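All of the numbers you see were taken from the coordinates with simple rules; none came from a lab. Keep in mind that what you see is a predicted model, and the values were worked out from it rather than measured. Every residue, glycine among them, receives a Cβ derived from its backbone with ideal geometry; neighbour counts consider all protein chains shown.
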């Protein structure tokens, strides 16, 4: 990704100034980084056109192949359904504005960009799905790839916590129905020493090996939530209530 000198890629949300809003951003950033990424490896090693392309090109870089055991543990339906839902939500949201939390990109935008770029630009099967059902999302990836067109003025341009678009709540709900139960089951497996995570996501069984790093991600989210002032925490909890994400902090 390229950006002009006027844009700080990693300065996303003014955390110290609006920490309660930053907490919502962190929940969705974690969803993009730790859940949406599963779709990359699923599509790349499930469908013949994707396998053929990856088999020809990736060995020129390094072996990024998902092991047979890891792939067998993934539920095709759950991952593909979630990928389509994320595309649909982004397509609807981008009809209203360029970014999720206002007129400028934040951490969630960059996290989604990073995970979706190979899905909508590189791997044939998820790319075809994206072009068919979420053309705005495909175009958005191209626009975020080079943000030299975007003027940024200080901390101006962020949406207030109480003014978030309904589509942001839709994305939180998608995180709550998929990533949240996985993160909780992963945490339980790490505590118990289990070799396999088993959890239910939308009525289907999801299985995979536990991830220590994702256990740390949950710990960091909980620490940031606990560190909020009581009033701010209550407002964040109000936004998360009913999305499923609130279970991460119960």
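Odds and ends about this structure:
- Label point at residue 85 placed 7 Å out along Cα→Cβ; residues across region 200-231 whose backbone nitrogen lies under 11 Å: 201-204
- Pairwise label distance in nanometres, residue 153 with residue 52, each label 7 Å out on the Cα-Cβ vector: 5.3 nm
- Extension gain for residue 212-residue 96 works out to 38.0 nm (0.36 nm per residue, less the C-alpha to C-alpha distance).
- At R0 = 51 Å, FRET efficiency that the Cβ-Cβ distance of residue 135 and residue 195 yields, to 0.05: 0.75
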